[in-house]
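Heads up: the structure comes next, in structure tokens.
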Amino acid sequence: MAAPTPHLAVRGSDGTFLLRGPPSCQESSAFQKDERQGRYIAFSSDGSLFGWCNGSQVSVIKVSTGDLVKSFDLPKTTALEFSPLNRVLATWQQYTKLFKRCLLCFAIYAVFCCVETIANKLHLQKVSEFALSPGSQPSKVAVYVPGSKGAPSFVRLYQYPNFGGPTSALANKSFFKADKVAMLWNKKATAVLVTASTEVDKTGASYYGEQTLHYVATNGESAVVQLPKNGPIYDVSWNPNSSEFCVVYGFMPAKATVFNHKCESVFDFGTGPRNAAFYSPQGHILVLAGFGNLRGQMEVWDVKKYKQVSKPQAEDTTHFSWCPDGEHIVTSTCSPRLRVSNGYKIWHYTGTVLYKHDTPSNKELWEVLWQPFPTGAFPEKPVKYQASPSELGSTEAKPAQAYRPPALRNKPQTASSKLHEEEPPQNMKPGAAGEKQMSKAALKNQKNSVSAFETKPDEAPPPVADSAPASHVTSSCGDPETDKKIKNLKKKLKAIDELKEQQAAGKVMQKNQLEKMQKEAQLLKELEELELGL
């Protein structure tokens with residue numbers, strides 16, 4: 001049976017339409033483009049229905065055929081959403097100029113949805129945030145109560161309908177330094193990640209306040225996620241398998257690390273220009289990206305092998321989302337975030353651009369939205385490393401060149417001239433797994449060689465390679481001060497040459513003296529290059 005084709009809904013000032021997804025990327029023949037301004041768009045949870053508002057009415061169609069299900073005379077609708085079972089459509093509109101009122105939900109088939117009785121209550125004072133678990137029953141809820149008068153803040157997890165006070169809670173986690181929190185459930189509703197934030201960092205290290213990350217599980221376990229680099233937490237993302245999560249954190253260049261359910265580091269991606277993490281729907285690919293005030297660099301990783309697949313770049317991106325097939329992504333530049341260069345691209349994760357649309361300069365793009373599908377509709381496929389063919393090619397990110405002051409340009413680069421030292425991924429560090437290691441015999445021979453050198457001081461070490469130029473500068477540059485420095489430099493270089501001649505003649509030199517001479521020669525060479533460049 002052939003896999004279904006996802007659609008991409010596009011909304012802008014020039015109307016609303018459905019794009020038949022990759023690789024064909026053509027407008028859907030089942031949906032006639034609505035030329036009126038798109039006010040809002042939404043898919044049902046299983047993707048079978050599509051609704052939109054054009055400023056005149058709200059319409060609902062079947063995506064597969066384009067058949068109209070129902071239309072409603074609601075011109076002022078500003079938002080709409082389908083219920084989880086696709087039986088109810090909720091709409092919102094501004095009721096008066098003085099205040100907003102939520103309109104009563106109504107069913108697609110003209111059956112009104114009304115709540116007549118309260119099923120249960122959770123009695124907990126000063127609750128300021130809550131998050132409902134995803135998925136099917138039994139439903140769970142995470143609630144946050146901020147601290148006061150020296151008492152800590154806390155998050156508690158409950159399972160419906162057991163709301164009988166603190167003793168009925170599945171888990172409890174208390175902590176200080178929290179003005180607000182963001183709570184993120186995993187897909188299986190077995191754990192929550194809590195990002196606690198303060199408005200002000202009392203240490204003065206960050207303008208954006210201070211943040212900590214906490215792990216709370218429904219089995220009662222909880223922990224603080226230890227992040228080895230100081231700085232803000234930019235993004236937290238659960239793998240759809242619910243057993244691990246990725247955190248992007250730390251002052252730029254930011255680190256990215258995958259942790260397991262025990263909050264132990266699984267893989268460290270090093271540092272780079274990134275502030276977001278996106279797992280594919282199947283959880284087999286991870287994209288680390290730098291959007292917003294960064295240049296749109298994306299790093300695509302095979303999560304099972306922790307091997308980088310591609311490194312494309314999408315500048316000015318305001319929206320990123322995975323296609324349900326786990327093969328493609330969309331990046332877009334939308335208004336009002338950016339009112340120029342609006343448009344979108346559909347990519348294959350190997351870095352090739354399959355489709356590109358540039359919105360006319362007198363129009364605006366407001367939103368792009370993938371059609372959702374039930375879990376299992378698109379099984380996981382083996383990860384490809386060879387770029388997919390495309391007429392539009394790839395936009396592989398070029399290596400970023402660090403800024404160098406004019407005085408240091410056209411001169412050898414030293415470690416001290418780099419503004420930021422980027423840390424490589426875990427599997428690319430010296431001594432990492434997969435790197436060629438010395439055999440036990442080679443290590444033993446190396447150890448014996450060092451021991452022999454240390455126990456036989458009468459043997460001269462191998463000749464030292466010249467660390468200074470063979471011929472020295474003899475001409476004058478016209479500046480007395482510079483000539484004086486060059487003259488002193490030549491004297492020091494001559495002394496080193498004499499030491500090397502003594503070594504070649506067989507005179508004994510202790511190991512520490514040789515090392516000192518090598519370091520001095522290296523420093524003098526750098527000094528000479530600096531002085532001669534004045």
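The values are calculated or read from the model by the stated rules, or taken from the named source; none is laboratory data. Note that the structure is predicted; figures quoted are calculated from it, not measured. Don't worry about glycine lacking a Cβ; one is built from the backbone with ideal geometry, like all the others, and counts go over all protein chains shown. SASA here: full protein model, heavy atoms, side chains in, ligands and nucleic acids out. Shrake-Rupley method; radii C 1.70, N 1.55, O 1.52, S 1.80 Å.
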Residue list for region 264-282, restricted to those being in a loop (DSSP other than H, G, I, E, B) and either open to solvent by less than 10 Å² (accessible area, probe 1.4 Å) or in contact with a Leu (Cβ under 9 Å, 6 or more places away or on another chain) (or both): PRO273, ARG274, ASN275, SER280
Hey, PHE163 open to solvent by 30 Å² or more (accessible area, probe 1.4 Å), in contact (Cβ under 8 Å) with a residue 24 or more places away in the chain and over 23 Å from VAL247 (Cβ atoms) or not: yes
Identity of the residue in region 371-387, among the polar types (S, T, N, Q) and within 19 Å of TYR349 (Cα to Cα), that ends up most open to solvent (accessible area, probe 1.4 Å): GLN386
In region 29-53, the residues that are open to solvent by less than 10 Å² (accessible area, probe 1.4 Å) and either under 15 Å from PRO75 (Cβ atoms) or in a loop (DSSP other than H, G, I, E, B) (or both): GLY38, SER44, GLY47, GLY51, CYS53
Flag if ALA110 is at pLDDT 80 or above, of a type in the set (A, V, I, L, M, F, W, C) and exposed (fewer than 13 other Cβ atoms within 10 Å of the Cβ): no
Residue list for region 285-326, restricted to those being part of a strand (DSSP E or B) and either in contact with an Asp or Glu (Cβ under 8 Å, 6 or more places away or on another chain) or open to solvent by 50 Å² or more (accessible area, probe 1.4 Å) (or both): ILE285, VAL287, LEU288, ALA289, LYS307, GLN308, VAL309, SER310, PRO312, GLN313, HIS319
Candidate set: region 54-89, residues that are surrounded by fewer than 19 Cβ atoms within 10 Å (Cβ to Cβ), closer than 21 Å to TRP366 by Cα and among the hydrophobic types (A, V, I, L, M, F, W, C); chosen: the one nearest to the chain's Cα centre (by Cα): ALA79
